[in-house]
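The values are calculated or read from the model by the stated rules, or taken from the named source; none is laboratory data. Bear in mind the structure is a predicted one, so any value in this text is a computation, not a measurement. Glycine also receives a Cβ, built like all others from the backbone with ideal geometry; neighbour counts cover every protein chain displayed. With ligands, DNA and RNA removed, areas are computed over all heavy atoms of the protein, side chains included. Shrake-Rupley method; radii C 1.70, N 1.55, O 1.52, S 1.80 Å.
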Amino acid sequence: MKVSGADTAQTLSVEELSVHYGGVCAVSSIGFTVEPGRSVGIIGANGAGKTSTLRALMGLVPRSGGRIRLGERDLSKVKARDMVRHGIGYVPEGRHVFPGLSVEKNLLLGAYSRAWDKDTHQQLDEIYAMFPVLKEMRERLAGALSGGQQQMLAIGRALMTRPRLLVLDEPSMGLSPKLVGTILDVLLKLREEGLSLLLVEQNAKLTFGVTSHCIVMENGEVAMSGTSAVLSHDPRVREVYLGL
Ligand code: ATP
């Protein structure tokens, strides 16, 4: 099964990215890379600047500085709605499925950026193979799904564009521990397929379980970065972010 388009070697590079809201600095000149097939996590406490970083990367809030590149292409001036055409899929915080539309219509809306063709239906079948529960509920209204099912739908919808890189903002938010386990399994499956992942989370345990590298953000800056294996054994990270 191949739900992603992760066949072209392209590295996402974020350099000196800054975000200001009025006079307040939310993200201060941060940088990181996501190599093809790698999964990278951004963890940090409430208000550390994680969501602002993703939203600035996607062009959803104005950047006050910085460059974004995917391989050789400069995406710094690309508008949010066009990011998808450059192979970046986005699963926003809070899921944002269309509650009054069926599961299948939500998924088909994910394919809006491509011309509909037989490939669209093949992609739909692949998403259903990955998330059998969505197939079972294809005719149901998205608003009738549980939180975990809506999160799968939001991920499935982003995958309809065959991204090379999937950017996820707090996919575990508001989910029960069991459903967090389901999301972990989904992300591990996507990683196995070779899709690049950029995952923002408050749940450090989930993040370390999925990613190869992590950034710890504090007060809009990169406080620590390294391999997830090393960071997850760091005494300060264990105390502050894993509660151990
Ligand atoms: P959370 O996990 O709660 O989403 P976060 O790490 O994602 O937190 P951000 O949401 O990026 O952090 O917030 C970073 C800082 O920017 C915070 O101080 C927040 O209050 C501020 N902020 C975020 N969005 C706005 C906005 N639209 N206008 C003004 N300030 C904002």
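If you check E201, E218, E239, which single one turns out to be of a type in the set (D, E) and under 28 Å from D82 (Cβ atoms)?
E201
For the stretch 97-117, state whether one or more residues are hydrophobic (A, V, I, L, M, F, W, C), touching a Lys or Arg at 6+ places or on another chain (Cβ under 6 Å) and more than 25 Å from T211 (Cβ to Cβ).
Checked the stretch 97-117: at least one residue is hydrophobic (A, V, I, L, M, F, W, C), touching a Lys or Arg at 6+ places or on another chain (Cβ under 6 Å) and more than 25 Å from T211 (Cβ to Cβ).
From G147, G143, G226, G181, which residue is away from the ligand (no atom under 16 Å from the Cβ), within 30 Å of V24 (Cα to Cα) and of a type in the set (G, A, S)?
The match here is G226.
Tell me, which residue of the stretch 22-34 that is surrounded by fewer than 15 Cβ atoms within 10 Å (Cβ to Cβ) and not polar (S, T, N, Q) is nearest to the chain's Cα centre (by Cα)?
Checking each candidate, the answer is G31.
Under 8 Å by Cβ, and 6 or more places apart or on different chains, what pairs join a residue from the stretch 225-244 that is surrounded by 14 or more Cβ atoms within 10 Å (Cβ to Cβ) with one that is of a type in the set (S, T, N, Q)?
S228/T207; S228/T211; S228/S212; L231/S225; R238/S232; L242/S232
Are any residues in the stretch 130-144 under 15 Å from T182 (Cα atoms) and more than 20 Å from the chain's Cα centre (by Cα), and if so, which ones?
Selection gives P132, V133.
Are any residues in the stretch 54-111 part of a helix (DSSP H, G or I) and hydrophobic (A, V, I, L, M, F, W, C), and if so, which ones?
Within the stretch 54-111, L54, A56, L57, A80, M83, V84, V103, L107, L108, L109 meet the criteria.
Being more than 17 Å from A48 (Cβ to Cβ) and surrounded by 15 or more Cβ atoms within 10 Å (Cβ to Cβ) is true for just one of L109, L141. Which residue is that?
One residue alone meets the criteria, L141.
Hey, can you tell me all the residues within the stretch 186-211 that are touching a Ser or Thr at 6+ places or on another chain (Cβ under 6 Å) and either part of a helix (DSSP H, G or I) or within 12 Å of L231 (Cβ to Cβ) (or both)?
R191, L206, F208, V210, T211
Of the conditions (1) open to solvent by 20 Å² or more (accessible area, probe 1.4 Å); (2) within 16 Å of the ligand (Cβ to nearest atom); (3) without any contact (Cβ under 8 Å) to a residue 60 or more places away in the chain; (4) hydrophobic (A, V, I, L, M, F, W, C), A56 fails just one. Which one is it?
So A56 meets the others, but not (1).
Tell me which residues, restricted to the stretch 23-53, are within 7 Å of the ligand (Cβ to nearest atom) and at positive phi.
G44, G47, G49 - these are the residues of the stretch 23-53 that are within 7 Å of the ligand (Cβ to nearest atom) and at positive phi.
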